[in-house]
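Remarks on the structure that follows.
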Amino acid sequence: WFRGFILVLTFFIYTCYHMSRKPISVVKSRLHQNCSELINPINDSHSINDTTWCDWAPFDKNNYKELLGAVDNAFLVAYAIGMFISGIFGERLPLRYYLSAGMLLSGLFTSLFGLGYFWNIHVLWYFVLIQICNGLVQTTGWPSVVTCVGNWFGKGKRGLIMGIWNSHTSVGNILGSLIAGVWVNEHWGLSFVVPGIITAAMGVLTFLFLIEYPEDVDCAAPQHHTSDGLEENPDSPENLGNGPCTNKESSLESAGRCSKEPRAQPSAISFLGALRIPGVVEFSLCLLFAKLVSYTFLYWLPLYIFNVAHFSAKQAGDLSTLFDVGGIMGGIMAGLISDHTNGRATTCCVMLILAAPMMFLYNNIGQNGITNSIVMLIICGALVNGPYALITTAVSADLGTHESLKGNAKALSTVTAIIDGTGSIGAALGPLLAGLISPTGWNNVFYMLISADVLACLLLCRLVY
């Protein structure tokens, strides 16, 4: 029951993190739009020929794309830098306090961005500064939730469980879009304030109900290592079980030993110590290129469909969500296969190998009719996001509880932060490169994505071998 509760709670926690990131992409179209289609208010001071009267300064200028890009990059770069620091703090502070504080601050900064509308703020530095602060505090989320889930779940079905659990990313994106869409055409500030309030409220619930370790509620720690792919006997002296002690142990003496003995707190691992864990460097660099591909699709796919397939803006937006649907399926599939084969690196490598030709095919034949588009988008989403989901969840949890640590699971937050922090550099680079390359033709963007995919695959060769 506790395990199920922790899984659901952490799912909602990270859904809120992603929900608070999404409004900016929805509100962009409101900050700069075609004002000639709207009726100019009677008492407005703008001239009749002014085509930017409905835009929100400073985004009413001709260079609005660069300004909106600066707001995006402020968040992504701050997030990438902050992630490396976040894991180190996550190891040394109680997760419940760290995660609660992160959610409250994230809710605050998300709301402050929207309050710029009600306070009539028209200076770029305000919005950039808010995004930098939000990017930094959002780094508290991922290492903390992966650490918490890793503390509660052993290696047995970790891939499948985390594959299903990882769908919080897509659920958060969808919720963020829906909530922001309600107010975007009237008072767009509420598109940020409402998700901010929900995130802060979730932070309060996290403080009240999050249980960091199974031992805190008299349950035994899960088995993190397996021999020959099988769980060891849960009642053996080395492993006191995967369930509540009182259910596993029959005698009062053994139950007392299980629940009352003080848990020895291991020391937190250093940054360099985490890098020396076998596989951390390879998976981190692999995720850099895998996340580069994934985030390029996330930011540029609607525009690509709009330009190449000549669908309407709404149809392009609706179609692009199929990539996320494929991503959910790919994450679950990758987790399931890697659990059965006991080969995380091999699973990632095979999916990456298949993703490269599929991206090439999507660019060449994916736009020949709506059926082709739907099928190719789901397949591409599964193959691109499958390895990304697996590395950020099950692989991070595996490496953070690696047998070389001799039972010291305190490395989990640092390892997760290193892997996701390196991946976040790719997330910031991908959309930026696509923006620079797209004027030369969409084919070149896809060649860049395929090259990144192949590099991600090559970086795993040693682990696969």
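The values are calculated or read from the model by the stated rules, or taken from the named source; none is laboratory data. Please read these numbers as outputs of a predicted model, since none were measured by experiment. No Cβ is skipped: glycine too gets one built from the backbone with ideal geometry, and neighbour counts run over all protein chains shown. These accessible areas exclude ligands, DNA and RNA; they are computed on the full protein's heavy atoms, side chains included. Shrake-Rupley method; radii C 1.70, N 1.55, O 1.52, S 1.80 Å.
For region 152-224, the solvent-accessible area of protein heavy atoms averages 40 Å² per residue (probe radius 1.4 Å; ligands and nucleic acids excluded). With a Förster radius of 30 Å applied to the C-beta separation of Asn444 and Val464, the computed FRET efficiency comes to 0.50. Can you pull the percent of region 413-465's accessible area that's carbon plus sulfur, 1.4 Å probe, other chains left in place? Roughly 72 percent of what the probe reaches on region 413-465 is carbon or sulfur.
Each peptide in 59-66, 165-172, 362-369 receives the mean, over its residues, of other Cβ atoms within 10 Å, and ordering these scores from highest gives 165-172, 362-369, 59-66.
Taking the Kirkwood radius as Rh and the Cα radius of gyration as Rg, region 333-443 has a ratio of Rg/Rh equal to 1.07. Heavy-atom accessible surface of Leu190, to the nearest 10 Å², is about 50 Å², with a 1.4 Å probe and all protein chains retained.
First check a/c for region 408-465, with a ≥ b ≥ c the square roots of the eigenvalues of its C-alpha gyration tensor; if it is under 1.5, answer rounded, and if not, answer prolate when a/b is larger than b/c or oblate otherwise. It is oblate, given that a/c is not under 1.5 and a/b is not larger than b/c. Share of carbon and sulfur in the accessible area of region 100-171 stands at 78%, probe radius 1.4 Å.
Probing with 1.4 Å while keeping every protein chain in the model, the per residue accessible area of region 49-104 equals 45 Å².
Determine which residues of region 159-198 fall in the zone a paramagnetic label at His122 would reach in this model, i.e. backbone nitrogen under 17 Å from the point 7 Å along Cα→Cβ. Within reach of a label on His122: 188-189. Over region 360-404, accessible surface divided per residue gives 32 Å², non-protein components excluded, 1.4 Å probe. Across the accessible surface of region 348-387, with the other protein chains kept in place and a 1.4 Å probe, carbon and sulfur atoms take up 78 percent.
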